[in-house]
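The values are calculated or read from the model by the stated rules, or taken from the named source; none is laboratory data. The structure displayed is predicted, hence computed values, not measured ones. Every residue, glycine among them, receives a Cβ derived from its backbone with ideal geometry; neighbour counts consider all protein chains shown.
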Amino acid sequence: MSLKKKLSESRSVQAEVENSGSTQSVVTQRAAEAEVRTLIAKCAPTHLRLIGAMRRWLRKRLPTANELVYEYRGFFVISYSPDDRGYEGVLGIRASADGVKLYFNRGKELPDPEKLLKGSGKQTRSINVEDSFALACPAVVSLIDEAIARNHVPFASDVRGSVVIRSTSAKKCGRSGPA
């Protein structure tokens, strides 16, 4: 990638952050975006564009959702929530070396005639996402629409959501030893 293209992309991301209309300060949002980009950069090269495309697509679909970012050992999750609590998140992106998945927080409740949703937990289900075209698939769009419609907590209608770093492995490493 040329330096000119990198600078252009950097400026567009910066402009997007500055013009977001979020209640989050520009400085805080820039720092959070930088941390998210660092997490994404750790993924396999084949997943970099896919994760970016998924974030843009979900941001466009849920402009007032907060992106709550959680880093775990070997993977990270970006939850799209109407408030600052991850458990209220409707959708989530999970990225790891194994691949990228779109999670539905209350996926067990969703009608899934195409049998796309995978998982056996109490409530969460996911779809493996191989490319960004998967999000435009009518069956996936239907699942997303249904998940949003069934959400118990309404999304704001006038404020752009924030990017919030909830936990990182660096923060988790500070365990205290025995006294």
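Considering region 7-65 alone, what residues qualify as being in a helix (DSSP H, G or I), polar (S, T, N, Q) and either crowded, with 16+ Cβ neighbours inside 10 Å or at pLDDT 90 or above (or both)? If you could, list the steps in order and put the result at the bottom.
Step one: list which residues in region 7-65 are in a helix (DSSP H, G or I), which gives 7-18, 26-41, 45-61.
Now drop any that are not polar (S, T, N, Q), which leaves 8, 10, 12, 14, 28-29, 38, 46.
Those that are in a helix (DSSP H, G or I), polar (S, T, N, Q) and either crowded, with 16+ Cβ neighbours inside 10 Å or at pLDDT 90 or above (or both): T28, Q29, T38.
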Residue list for region 101-137, filter: within 20 Å of G89 (Cβ to Cβ) and among the aromatic types (F, W, Y): Y103, F104
A139 aliphatic (A, V, I, L, M), modelled with pLDDT under 90, surrounded by 12 or more Cβ atoms within 10 Å (Cβ to Cβ) and at negative phi: no
Of all residues making up region 142-175, the number that are modelled with pLDDT under 85 and crowded, with 16+ Cβ neighbours inside 10 Å: 1
Failed item in (1) more than 29 Å from G74 (Cα to Cα); (2) touching a strand residue (DSSP E or B) at 6+ places or on another chain (Cβ under 8 Å), with A156 passing the rest: (2)
Candidate set: region 74-85, residues that are in contact with a Lys or Arg (Cβ under 8 Å, 6 or more places away or on another chain) and buried (at least 19 other Cβ atoms within 10 Å of the Cβ); chosen: the one farthest from Y103 (Cα to Cα): F76
Failed item, numbered, when K115 is tested on (1) at positive phi; (2) modelled with pLDDT under 95; (3) among the charged types (D, E, K, R): (2)
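Residues that are more than 24 Å from L48 (Cβ to Cβ), at least 2 per element: which strands (runs of 3 or more DSSP E) completely within region 86-175 meet that?
Details: elements: 91-96, 99-104, 125-129, 163-167.
It comes to none.
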Out of G74, G52, sole residue that is free of Cβ contacts under 8 Å to residues at least 60 places away in the same chain, within 19 Å of G92 (Cβ to Cβ), small (G, A, S) and in contact with a strand residue (DSSP E or B) (Cβ under 7 Å, 6 or more places away or on another chain): G74
Qualifying residue in region 65-83 (condition: closer than 18 Å to V140 by Cβ and not hydroxyl-bearing (S, T, Y)): yes
